[in-house]
Amino acid sequence: MSGFSIDWLDLREAADGRARDNALRDQAMRWLEVSGSSHQNPVVVDLGAGTGSTLRALTSPTQHLPTWRLVDNDAALLAEAERRHGATHHIEPCIADLASLSALPLDGARLITASALFDLVSEHFIGALATALKAQNQQHPVGLYAALNYDGTTHWTPRHPLDDAVLAAFNQDQRTDKGLGPALGPDSGAVLQRLFTQAGFRVYSASSPWVLDGADQAMVTELITGIAGAVADNPDIEPSSLEDWVQFRLSKVSTGTCTVGHTDVLALPF
Ligand SMILES: C[S@@+](CC[C@H](N)C(=O)[O-])C[C@H]1O[C@@H](n2cnc3c(N)ncnc32)[C@H](O)[C@@H]1O
């Protein structure tokens, strides 16, 4: 168990789908198609794959190619991905801890993908990944498509006096170690762009915010609860004020709005 439930991943998937930058996603898909002549069956390695959200975003149900090597340390999520896609896609599930980067099955990949992952990892991890992919480029050109990297911004309407303090505390929590070193949290998009540029890739980026309203109230309810849990131990937030914030936010889930910033990044070799 990774702490990411199937229910939560399902709940956010529609908002993720609307948020992804279409131009960057299409460019990533074209990068795979261009490989068709030299690699009949290109391989995508999806890091932190969960139940296969990136696969669903980049393929149609009738599209058998490419091969999807789904990497995650949560066996239950990978089993769900296989249950959903094993009959229609070529899936290679791989239970692995991203902490052991050198042991990850990146060999021969045309594209490395990840969604909502890199805010959990450290700068060291991204640097090591950029170095590994740069080395791999000598044999097989490989790109990186990293979508939905949280950028540290959240805007609510209507406003509540504690919004800024809660966001600051939440962003502090985002930077704590999630098992892969000090997490980048809000800096992940910028660090991806910097380190892949330094490693010699062409790097593209685009904003990909969640734009949530009353139609997303089940997801927003979970989001409020999750944020409150993450900041509950922060000494800068009074428990009674937090409770007031939670009650106010829950009372507005059907009429208010919430925008959470993300950045999508695509890095392709020259
Ligand atoms: C926020 S979820 C995103 C899942 C999926 N990419 C999506 O967009 O729905 C993060 C994923 O990273 C995986 N993960 C977190 N830490 C990991 C680690 N150390 N090794 C492998 N997978 C990890 C979790 O199990 C989870 O599936």
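The values are calculated or read from the model by the stated rules, or taken from the named source; none is laboratory data. Just so you know, these numbers come straight off a predicted model, no measurement behind them. Every residue, glycine as well, gets a Cβ built from its backbone with ideal geometry; the counts of neighbours run over all protein chains shown. Surface accessibility is based on the protein's heavy atoms, side chains included, excluding ligands, DNA and RNA. Shrake-Rupley method; radii C 1.70, N 1.55, O 1.52, S 1.80 Å.
Can you confirm whether I112 is at pLDDT 95 or above, out of contact with any Gly (no Cβ under 9 Å at 6 or more places or on another chain) and either away from the ligand (no atom under 15 Å from the Cβ) or not aromatic (F, W, Y) (or both)?
no
Give all pairs with beta carbons closer than 8 Å in which a residue from the stretch 235-264 that is assigned to a loop (DSSP other than H, G, I, E, B) and open to solvent by less than 30 Å² (accessible area, probe 1.4 Å) meets a residue that is charged (D, E, K, R) and at pLDDT 95 or above; count only pairs at least 6 apart in sequence or on separate chains.
G256/D213; G256/R249
So, A103, is that one aliphatic (A, V, I, L, M) and away from the ligand (no atom under 16 Å from the Cβ) or not?
No, not satisfied.
Give me a count of the residues in the stretch 94-127 that are touching a residue at least 40 places away in the same chain (Cβ under 8 Å), surrounded by 15 or more Cβ atoms within 10 Å (Cβ to Cβ) and not aromatic (F, W, Y).
The total comes to 20.
Between a first residue in the stretch 193-221 that is surrounded by 16 or more Cβ atoms within 10 Å (Cβ to Cβ) and a second residue that is among the acidic types (D, E), which pairs have beta carbons less than 6 Å apart while being 6 or more apart in sequence or on different chains?
Between residues of the stretch 193-221 that are surrounded by 16 or more Cβ atoms within 10 Å (Cβ to Cβ) and residues that are among the acidic types (D, E), the close pairs are A206/D21; A206/D264; S208/D21; S208/D264.
Say whether the condition of being open to solvent by 20 Å² or more (accessible area, probe 1.4 Å), more than 16 Å from the ligand (Cβ to nearest atom) and closer than 30 Å to L65 by Cβ is met by at least one residue in the stretch 154-164.
Scanning the stretch 154-164 turns up no residue that is open to solvent by 20 Å² or more (accessible area, probe 1.4 Å), more than 16 Å from the ligand (Cβ to nearest atom) and closer than 30 Å to L65 by Cβ.
Residue pairs, Cβ under 8 Å, 6 or more apart or interchain, first in the stretch 41-57 and within 21 Å of L11 (Cβ to Cβ) and open to solvent by less than 10 Å² (accessible area, probe 1.4 Å), second near the ligand (Cβ under 6 Å from one of its atoms) and aliphatic (A, V, I, L, M). List them.
Listed pairs, sorted by first residue: A49/L77; G50/L9; G50/L77; T51/L9; T51/L77; L55/A49.
Consider the stretch 177-222. How many of its residues are of a type in the set (S, T, Y) and either part of a helix (DSSP H, G or I) or modelled with pLDDT under 95 (or both)?
Looking only at that region, the number is 3.
Could you identify the single residue in A76, A28 that is touching a residue at least 40 places away in the same chain (Cβ under 8 Å) and within 12 Å of the ligand (Cβ to nearest atom)?
Sole residue among the options that is touching a residue at least 40 places away in the same chain (Cβ under 8 Å) and within 12 Å of the ligand (Cβ to nearest atom): A76.
Among the candidates R84, R69, which residue alone is farther than 17 Å from F4 by Cα, within 15 Å of the ligand (Cβ to nearest atom) and either touching a residue at least 40 places away in the same chain (Cβ under 8 Å) or not charged (D, E, K, R) (or both)?
Going through R84, R69 in turn, just one is farther than 17 Å from F4 by Cα, within 15 Å of the ligand (Cβ to nearest atom) and either touching a residue at least 40 places away in the same chain (Cβ under 8 Å) or not charged (D, E, K, R) (or both): R69.
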